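Worksheet for the structure shown next.
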Amino acid sequence: MDWAALGRLDEKGKTLNWRTLLLLVLCFAFPALARAHVGSPDVFFDGLVGPYNARITIRMPAVVPGRAEISVRTEIGEPLDVAFLPLYSRTSITNAPPADLGRLVAGETNLYSGELWLMTVGAYSIEIKIHGAKGEGTVQIPISSVALSQLPLPPFLGRALVALGVLLFALGVGIIAAAARESVLEPGVSIGKNERSKGFRAALVATVVFVLLLIGGKKWWDADEAKFRTGLRGGAWPDLTAGVRIENSQRILRLTLGEKDFPSMQSIPLIPDHGKLLHLFLIREGSRDAFAHLHPQRKGGKTFDVVLPPLPQGRYMILCDLTLEGSALSSTATNSVEIPPIPDQETGSLTLEPDRDDSWSAYAGVPVPNTSNPTNLVYTLPEGFEVRWKPHLPIRARSDAGLRFDVRDAEGRTVDLGLYMGMLSHAAVLRSDGAIFAHLHPSGNFSMAAQSFFENKMQRESAKSTETMRMDHSKMGHVMNHAQAGTGISSISLPYEFPTAGEYRIWIQFKIGSQVLTSVFDASVSAP
Amino acid sequence: MWAGFFLVLGAVFISQVTFPNLQHTALFVHACALMIPMRLVAMNRAGRCSWPATRVAIVYTLLECLMIWILPLFPAQPKLAPIFNPVTHMVPPAFPLLFIAPALAIDLVLRRTGECAGWLRRMGLALFLGALFLTVFVGVQWFFAKFLLSASADNWFFAGNRYWSYGSRSGPYRGEFWHVKSGAEDADLITFSKILLGWGLAGFSAWIGLLWGGWMRKVRR
């Protein structure tokens, strides 16, 4: 029996203290926080779990507490034991609850499903463990538990509750009236005019009192609902301001993060993801014909600078991925900025060195393949390489998007893709209205920094073998190196499901030799 | 016996603000002042036995104590993360509030006052009972709360420091009173004006209890 959980208890003391840290600093923006991918909360994983190749989908609840639905599809059809374990970033792993077992879906031989309750806001890692004849494998998939929306009251439930409320009201008034009218009469004595009058007056008073109570209850409910709604924000988090200045013929974009959301903190604490504190995407608004993936450098506690590549002038959307230190919550900050024309080149010292992994592409006038014309889903890069997409059309929301791409050279031969920031590919997805954005990798769309956070936490706190706990990254070569050597792979597969119907643009980035190339596709996604 | 459940229900209704660590706040006093005198006084007026309010308070105390003593005997494990406090058994509630003391005082006073007819006399009696409840209850509970937060209460009988749920972190806050730091933003100290408000609430509650108990006594079956 959870007595201590009653009421305000959990808001107090140390429990309050960590919430103070978490809530006062972060929580008022929590609902928007942790959208490492704006408007696309579901999490996908594709890779090896020990000896087993698995594709994992975690459908996040829109509210907290809520149930995350997990499905695990393995490559092999042999019987396996699949278990799900939620680990919270701020509790010891020894405090983890018992794992839930995944159940084989009826009619399937290799698809397991289960549900996990996420009881509070914050960063979790879902540990997926697969055990079978080949041995055992474990993977940590970080997720961010936040309230994204307010679920509507089903109409039938609303009507039923109103009917029951009216009945309760009527019965309450009736009981009081009856009590006033006849409760003190001797048995057998008939009710007189005086008693009826007393009953009527009591009913009147009871009605007034009940109505006042209902009005008070409605006001309390409305205030509580309004408080909840203030946390539900359409945009991303934390607050971000941006401006471009020109120094030594360089256009330098300055980002300031968290001035409003972290008022009491001198610095915004971040965990590097692929060795970078921030992954910044710039996309030209409207035409979406210029794209950059940049890595700003910290210049102050909350300020970051980055040299702009030769992008054409115009207004750009800013989408900035980050992972917070301590909580391991990942998020995307957004804004827009007007980028001035490229300044005249002058010799002189540079104000800022560009990051070696910065990449960009401007492709105005270049035809972008669209799934509405499936016969020609080939993007031809100026360097002569061709990227071919073979999706399973039509593409439906909340179904496998089929983001599998083959890269060939001008003669149609396979190419040897290198690792770009430790991954075979980085990709971005943006819906035409800008309301949905996701940053994808072949391993999935979760924050690698958050995953490292949980893996390190496991290693620190667990007596288990490091080898068992560490995720097997061999499939996507998740190694932080900048080797020019290729992987021998020429195709890219990105696990993802579009969350809603609409028109999407997809940027696929990969590395050939020392060059980072960006291909572009458009997708028409229909309703599920 | 059943009237004891009536008091238990009232206590559960305000349990959010009667946790031992909150028992030095004005909100705790106000919640008890509004909820409890009405029940004790009504039971006294309606009861057809000796020491009716005291009996009701004893039943309430025993019911709560049974929960405290029996629940931890059952092994249990939290199943939902995050688990800050890995409990291994059912978690008991905090030790019951010492309503026995004001109930005894109310019984003592009301056995001397009789029916107390007339709305003015009834009002005066209600205000007196309100003051009596506040004085006796707060006076007793104030020191008992200190005891409950001390190491001496950390045993199976009083279940001090044993009522924390799986969602409660460990730390020194468990042995401290909350919202009592003068000048703090969340401070809820028992000031003179808060005492006056508490008296008003207790008096109103006792007045309702007098009316209600008087009516219940006249009910014919």
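Key figures
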read-out	value
Mean ellipticity per residue at 222 nm, deg cm²/dmol - from DSSP H runs of n ≥ 4 across chain A, formula -39500 (n - 2.57)	-6000 deg cm²/dmol
For the stretch B:2-218, size of Cβ-based charge dipole, Lys and Arg +1, Asp and Glu -1, in debye	660
For the stretch A:31-130: rounded, prolate or oblate by the Cα gyration tensor [a/c cutoff 1.5]	prolate
Residue B:215/residue B:150 FRET efficiency (R0 60 Å; Cβ-Cβ; nearest 0.05)	0.85
Whole-Hz couplings from phi, Karplus 6.51/-1.76/1.60, listed for the stretch A:357-370; x for Gly and Pro	9, 5, 9, 7, 7, 10, 9, 4, x, 7, x, 9, x, 10
Percent of C-alpha pairs per 10 Å bin, the stretch B:68-221, short to long	9, 27, 25, 22, 14, 3
Highest to lowest packing among B:79-86, A:297-304, scored as the average C-beta count within 10 Å	B:79-86, A:297-304
Per-residue average of Cβ from other chains inside 10 Å of A:89-97	4
Heavy-atom accessible surface of the protein assembly as shown: percent carbon and sulfur, 1.4 Å	61
Whole-Å distance, taken between Cα centres, linking the stretch A:132-184 and the stretch B:179-221	31
Among A:374, A:220, A:111 the positive-end extreme of the charge dipole of chain A (Cβ point charges)	A:220
Point-charge dipole on Cβ atoms (K/R +1, D/E -1) for the stretch B:33-147, about Cα centre, debye to 20	300
Volume per residue of the C-alpha convex hull in the protein assembly as shown, rounded to whole Å³	217
Nearest-20 debye value, chain A charge dipole, Cβ charges on Lys, Arg, Asp, Glu	1720
Residue-normalised accessible area of the protein assembly as shown, given per residue in Å² at a 1.4 Å probe	46
The stretch A:374-405 versus the stretch B:32-82: alpha-carbon centroid distance in Å	68
Scaled radius of gyration (Cα, divided by 2.2 N^0.38 Å) that the stretch B:1-89 gives	1.36
Linear extension gain, residue A:416 paired with residue A:380, 0.36 nm per residue minus alpha-carbon span	11.3 nm
C-alpha long axis of helix A:448-461 to longest principal axis of chain A, angle in °	70
Per-residue mean of C-beta atoms belonging to partner chains within 10 Å, peptide B:161-169	6
Length released on extending from residue A:264 to residue A:352, taking residue separation times 0.36 nm less the Cα-Cα span	28.8 nm
Rounded FRET efficiency, nearest 0.05, which uses the C-beta distance separating residue A:213 from residue A:435 and R0 of 51 Å	0.75
Pairwise FRET efficiency - residue A:230 versus residue A:462, Cβ, R0 = 30 Å, nearest 0.05	0.15
Greater than 24 Å apart at Cα, pairs in B:79/B:181; A:276/A:302; A:302/A:457; A:129/A:457	B:79/B:181; A:302/A:457
Hz values of 3J(HN,Hα) by residue in the stretch A:289-295 - Karplus curve (6.51, -1.76, 1.60), Gly and Pro given as x	9, 8, 8, 9, 10, 10, 9
Charge dipole of chain A about the Cα centre (unit charges at C-beta), most positive-ward option of A:192, A:307, A:124	A:192
Cα extents of the stretch A:155-230 along the three principal axes, largest first (Å)	59, 24, 15
Cα centroid of the stretch A:88-103 to Cα centroid of the stretch B:1-30, whole Å	35
Helix B:52-70 vs. chain B, principal-axis angle (Cα, 0 to 90°, nearest 10)	10
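The values are calculated or read from the model by the stated rules, or taken from the named source; none is laboratory data. Quantities reported herein were computed from a predicted structural model and do not represent experimental measurements. Using ideal geometry, Cβ is built from the backbone for each residue, glycine included, and neighbour counts are taken over all protein chains shown. Just so you know, the surface numbers come from the protein's heavy atoms only, side chains and all, with ligands and any DNA or RNA stripped out. Shrake-Rupley method; radii C 1.70, N 1.55, O 1.52, S 1.80 Å.
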